[in-house]
Amino acid sequence: MIDDLDEVDSVPQDPAGAVRQVVLGTVLVDRVLALLRRLAQQHIAVSEGD
């Protein structure tokens with residue numbers, strides 16, 4: 001929970017900068033999670049083929 005507060009402290013004070021950082025962070029995290037999910041699914045598919 002304390003780590004969450006550190007992330008909030010890194011958000012810029014100006015509204016435009018804050019929106020930009022939060023949106024970019026959300027988009028990047030979503031893409032990384034989708035990639036990890038895809039890799040996990042491929043790993044399971046290959047493992048089940050053995």
Of the residues in region 21-50 that are more than 15 Å from the chain's Cα centre (by Cα) and of a type in the set (D, E, K, R), the one that is most open to solvent (accessible area, probe 1.4 Å) is ASP50
All but one of (1) part of a helix (DSSP H, G or I); (2) within 17 Å of the chain's Cα centre (by Cα) hold for VAL11; state the number of the condition that does not hold.
(1)
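The values are calculated or read from the model by the stated rules, or taken from the named source; none is laboratory data. The model shown is predicted, which means the values in this text are computed figures rather than measured ones. Surface areas here come from the heavy atoms of the whole protein model, side chains and all, with no ligands, DNA or RNA. Shrake-Rupley method; radii C 1.70, N 1.55, O 1.52, S 1.80 Å.
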